[in-house]
1. Output the antiparallel fraction of DSSP beta bridges having both residues in the chain, as a percent to the nearest 5.
2. Taking the Cα centre as origin and putting +1 on Lys and Arg beta-carbons and -1 on Asp and Glu beta-carbons, what dipole magnitude results for the chain, to the nearest 20 debye?
3. Given the Cα-Cα distance of D148 and K255 and 0.36 nm per residue of separation, how much length would full extension add, in nm?
4. Please label the shape of region 276-361 as rounded, prolate or oblate, based on the square roots a ≥ b ≥ c of the eigenvalues of the alpha-carbon gyration tensor (a/c under 1.5 means rounded; beyond that, a/b larger than b/c means prolate, else oblate).
5. Just to confirm the number: angle between the C-alpha axis of helix 414-424 and the first principal axis of the chain, 0 to 90 degrees, nearest 10?
6. Computed FRET efficiency, Cβ-Cβ of D123 and K179, R0 22 Å: what is it to the nearest 0.05?
7. Rounded, prolate or oblate: which one fits region 104-200, using the alpha carbon gyration tensor with axes a ≥ b ≥ c (rounded when a/c is under 1.5, else prolate when a/b beats b/c, else oblate)?
8. With a 10 Å Cβ neighbour count serving as the proxy for reagent exposure, in which order, fewest first, do Y442, Y203 appear?
Amino acid sequence: MAVLKNSLFVDGNEFFLSIVQAETFPFGIEHVLNPSDAGKIFDVLKKKGDSPLFLELERNGKKYGVSLFRSVKDTAKQFWLMTERDGASDGIPIQEVAQKYQRLFENVKDAVFASTVEGRFLDINPAGVEMLGYTSKEEVLKLNILTDLYYYPEDRLKYQKIIAEKGYVKDYEVVFKKKDRTPLFVSMSNIAVYDEDKKVLGYEGIFRDLTRQKQIEEELRAKNAQLESYVYSVSHDLKSPIIAIQGFSRLLMKKHGENFEQEGRELLERIMNTAKRAERMIADLLIFAKAEKGVRGDFEFIDSQREIQSIIEELKIKWKQRPVTFVLSENLPEILFHRGSFRQIMSNLIDNAIKYSQQEMSPQVFIDGRKERDSVVFSVADNGIGIDPSLHEKIFDVFERGEATEDVEGTGIGLSIIKRILEIHHGDIWVESKKGEGATFYVRLPARTLERDERHQ
Ligand code: ADP
């Protein structure tokens with residue numbers, strides 16, 4: 001099966017490609033027919049109008065019957081149906097072909113649709129209705145594609161531009177909103193439908209549920225299980241000597257404490273404190289290993305304004321001893337992300353903004369979030385102790401802490417957890433700061449959780 005348009009094969013199935021020994025679409029009709037035959041066919045087609053044309057072809061010693069019929073919607077387009085023959089030469093009756101198409105439309109598991117340039121569906125098959133979470137075709141035909149269906153309306157504009165230039169899009173990835181507002185990641189392969197004057201009338205094509213999300217989760221699950229078991233065994237091995245050090249030093253203090261001078265006792269206490277700290281670090285290492293667990297949830301549309309407000313409420317309780325001023329910008333964007341991961345990122349950053357405040361100043365935290373071209377960037381700024389530029393990269397590593405942190409509780413793992421989560425999501429984190437002048441942390445979440453194919457740009 002193939003689609004012939006203005007002497008060009010623009011689309012078709014694998015079987016067709018293999019018969020005519022071509023690799024990809026589009027290619028000219030002269031690859032299949034010699035030019036004079038092609039010219040004759042087009043002459044006949046013109047005369048015959050809407051009735052189909054049947055012809056015989058030979059490729060590599062095999063005979064094929066070809067039914068060629070004109071698209072009703074787009075008269076510049078011909079459907080090319082090629083069937084292997086064993087000598088018989090009669091073509092396939094058009095009714096049979098039409099029935100075949102109808103069956104395919106009704107039963108295929110991909111969504112098949114026709115839509116207008118303005119953004120209404122003209123037709124959609126049952127698989128499409130189901131994929132979008134609606135119960136009837138009528139409901140879907142009422143949708144405004146741009147605003148009701150596209151999560152990023154600019155994706156449709158981009159798509160229209162590409163299709164206007166090339167006449168088709170292939171494997172174009174977008175995010176739709178289902179009826180219940182959950183996201184649907186699809187890949188579309190569509191062609192433009194033209195009128196007599198070559199003006200685009202609308203689009204026809206398919207979209208396919210990507211379920212890439214599930215694939216990602218599967219991959220993560222496997223990776224995570226590996227990492228987790230490694231960290232578990234390492235921390236288990238480390239734990240027992242540390243507990244032994246704690247136990248023996250406590251015993252030493254209890255039984256022989258009075259035999260020590262003051263300095264000896266102090267040293268012993270330092271041993272105990274260090275062991276305790278090592279124990280906490282191991283516990284945090286486990287949290288780090290589990291960071292990916294939070295990624296296992298589903299992608300959701302999140303109202304970041306509300307989510308951050310609720311994080312602030314939680315932190316206000318934690319920091320009720322210190323008066324903190326929170327300044328949260330208005331109209332923060334909606335994002336498509338894992339709720340648990342988003343909360344972990346923002347609450348770690350805001351908590352740090354308070355933790356690393358200056359003694360003499362009451363902490364102020366400014367939180368903002370803006371939609372940019374292909375991403376959403378959040379920022380958390382404070383009036384705290386700041387970070388020397390030489391440490392801007394280092395603080396994101398596991399167990400790395402900045403200067404003058406002895407009196408501040410922590411193990412240096414919070415930022416590495418954020419970095420890890422963002423790595424998984426193809427996001428980014430960075431800091432702008434000078435010592436003593438507060439710090440601003442930026443987090444970039446890609447608007448698309450799916451990597452977009454550069455071919456589409
Ligand atoms: P922790 O807070 O447990 O030390 P983090 O990974 O969250 O671990 O932070 C690493 C280091 O980065 C901190 O020890 C601190 O020196 C520095 N840091 C993080 N946030 C801020 C901030 N808002 N202002 C100043 N320094 C910060």
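1. 95
2. 560
3. Numbers: separation 107, 0.36 × 107 = 38.52 nm, distance 7.47 nm.
Additional length available on full extension: 31.0 nm.
4. oblate
5. Between helix and principal axis, roughly 10 degrees.
6. Working: r = 18 Å, r/R0 = 0.84.
With a Förster radius of 22 Å, E is 0.75.
7. Since a/c reaches 1.5 and a/b is larger than b/c, the shape of region 104-200 is classed as prolate.
8. Least to most surrounded, the residues fall as Y442, Y203.
Quick note: the coordinates plus some simple rules give every number you see, no bench work behind them. Model, not experiment: these values are computed from the prediction. Quick reminder, even Gly has a Cβ in these numbers, built from the backbone with ideal geometry, and neighbours come from all protein chains shown.
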